[in-house]
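Please read the structure below before turning to the comments.
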Amino acid sequence: MVENIEKSRTPSWVKGPIPRGEKVRRIRSIVHHRGLHTVCESAACPNRQDCYSQGKLTFMLLGSICTRNCTFCKVETGKPLPPDPDEPERLCEAVKELGLKYVVITSVCRDDLPDGGAAQFAQTIRALHRLNLGIGVEVLIPDFRGSLSALEKVVAAQPAVLNHNVETVPRLYPEVRPQAKYCRSLELLKRAKSLNGGLLTKSGLMLGLGEREDEVMVVMEELRKVECDSITLGQYLRPSLGHHEVVRYVTPDEFVQYEAIARKMGFLGVASGPLVRSSFNAIDLFNEVRLYKSTGLTY
Ligand code: SF4
């Protein structure tokens, strides 16, 4: 009954189509066949039909089991398997077969590993560069529990974009991301820039978890203070009744307003909309930022 109430009040603008068709089957088969994972499937992303039909997906390294229990996330929590040393090469094979020119990679949180999984990110980025196919690599990394040496490993491998989501406003961290720290996430983005000033950085928030508009503004300002180049803003959707509730559905018009504000604050890449996720149209955002950087223009 509760589930029906939740479903019935879900506005049409946050309902994505059920993924089906040949392109969906092909991507799933290539990924599955190599024992890889995607956050698209693990998080049951509503954009799969749209993304897969354009050959877009986000790989998820280090297995499908996460060591954290963020209340917004559908990814399974538990004791993960040890890292698979062949995973970077298998991911490269999948990338070649799919003919990708821009690859987005994330991982589960691996607080059980001394470096949080940073070496696996670095090895994967390097393996993709070794293909010599001009592939751009965007990484969406966890906070590595604030380890500078872990972050250094990833930055040294030269991704095109380093993304780290703050996810929500600091007041909601204890109930949404209990093992994370807002300041630690901001610090990570700041350090990434100080390690490589040319590295493009990106972050994102989910809206609808109970945050106030003024709190979102403060977070956006603080992201700009650490020179974050791009931002994504999307509607939080509840994966199950065991997850954090949707406190509010932000309207499409409000997302448009957030986009305008973010651009005014100086973000060069902005994606803001109900179904925007941190990897949604990542290549377009990357190209947008590169264009602004190369021309010296701002929005
Ligand atoms: S938005 Fe990101 S996670 Fe969702 S289907 Fe597209 S690539 Fe996958």
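Only the coordinates and a few stated rules stand behind these numbers; no lab work does. The structure presented is a predicted model; accordingly, all values stated were derived computationally and were not measured. Glycine also receives a Cβ, built like all others from the backbone with ideal geometry; neighbour counts cover every protein chain displayed.
Miscellaneous remarks
- Of all DSSP beta bridges in the chain, antiparallel share, percent nearest 5: 5 percent
- With coordinates expressed along the principal axes, the C-alpha atoms belonging to the chain extend over 47, 45, 36 Å, beginning with the largest.
- Cross-link partners for Lys190 among the lysines, with Cα-Cα distance under 25 Å and sequence neighbours closer than 8 places in the same chain left out: Lys153, Lys181, Lys202, Lys225, Lys264, Lys293.
- Evaluating 6.51 cos²θ - 1.76 cosθ + 1.60 at θ = phi - 60° for every residue in the stretch 62-75, the Karplus couplings come out as 6, x, 10, 10, 9, 8, 10, 10, 4, 7, 9, 9, 7, 4 Hz, glycine and proline recorded as x.
- DSSP beta bridge pairing in the stretch 115-251, given as percent antiparallel to the nearest 5: 0 percent
- Spherically averaged projected area of the convex hull of Cα atoms, the stretch 101-141: 2.7 nm².
- Placing dummy labels 7 Å off each Cα toward the beta-carbon, the span from Lys264 to Leu241 is 4.3 nm.
- Candidate lysines for bridging to Lys23, where Cα separation is under 23 Å - those fewer than 8 sequence places away on the same chain excluded: Lys15, Lys56, Lys96, Lys101
- The gain in end-to-end length when the Leu81 to Leu98 segment is fully stretched comes to 3.5 nm, 0.36 nm per residue minus the alpha carbon separation.
- Relative to the Cα centre, the charge distribution of the stretch 248-294, modelled as +1 at Lys and Arg Cβ and -1 at Asp and Glu Cβ, gives a dipole magnitude of about 180 debye.
- Projecting the Cα atoms of Pro19, Leu131, Cys109 onto the charge dipole of the chain (Cβ charges, centred on the Cα centre) puts Leu131 farthest toward the positive pole.
- Spacing of the two label points (7 Å from each Cα toward its C-beta) at Leu148 and Asp214, in nm: 3.6 nm
- With coordinates expressed along the principal axes, the C-alpha atoms belonging to the stretch 1-138 extend over 51, 35, 23 Å, beginning with the largest.
- Around the amide H of Val137, modelled in the peptide plane, lie the amide H atoms of Val103, Ala160, Val161, all under 5 Å away and 5 or more residues distant in sequence or on another chain.
- Per-residue Cβ neighbour counts within 10 Å put Thr71, Thr251, Thr295 in the sequence Thr295, Thr251, Thr71, beginning with the fewest.
- P(r) weight above 17 Å for the stretch 118-159, C-alpha pairs, percent: 25 percent
- Annotation: amide H-H contacts under 5 Å for Phe72 (H modelled 1.01 Å from N, sequence separation of 5 or more, or interchain): His244.
- Distant-in-sequence amide H partners of Thr201 (H built 1.01 Å from N, under 5 Å): Leu162, Asp229, Ser230
- Our coupling estimate for the stretch 261-267, obtained by passing each phi through the Karplus curve with A = 6.51, B = -1.76, C = 1.60 and θ = phi - 60°, is 5, 4, 5, 4, 6, x, 5 Hz, Gly and Pro reported as x.
- Alpha-carbon centroids, the stretch 120-136 and the stretch 70-116: separation in whole Å: 14 Å
- J(HN,Hα) series, the stretch 203-220, from Karplus relation 6.51 cos²θ - 1.76 cosθ + 1.60, nearest Hz, glycine and proline x: 8, x, 10, 9, 10, x, 8, x, 6, 9, 4, 5, 5, 5, 4, 4, 4, 4
- Net dipole in debye of the chain [+1 Lys, Arg Cβ; -1 Asp, Glu Cβ; about Cα centre; nearest 20]: 440 debye
- Spatially, the stretch 268-296 and the stretch 176-207 are offset by 17 Å when compared through their Cα centroids.
- Projected label distance in nm at Leu291 and Ser53, using a 7 Å step from Cα toward the beta-carbon: 2.3 nm
- Here the contact order of the stretch 16-295, divided by its residue count and restricted to Cα pairs under 8 Å and six or more residues apart, works out to 15 percent.
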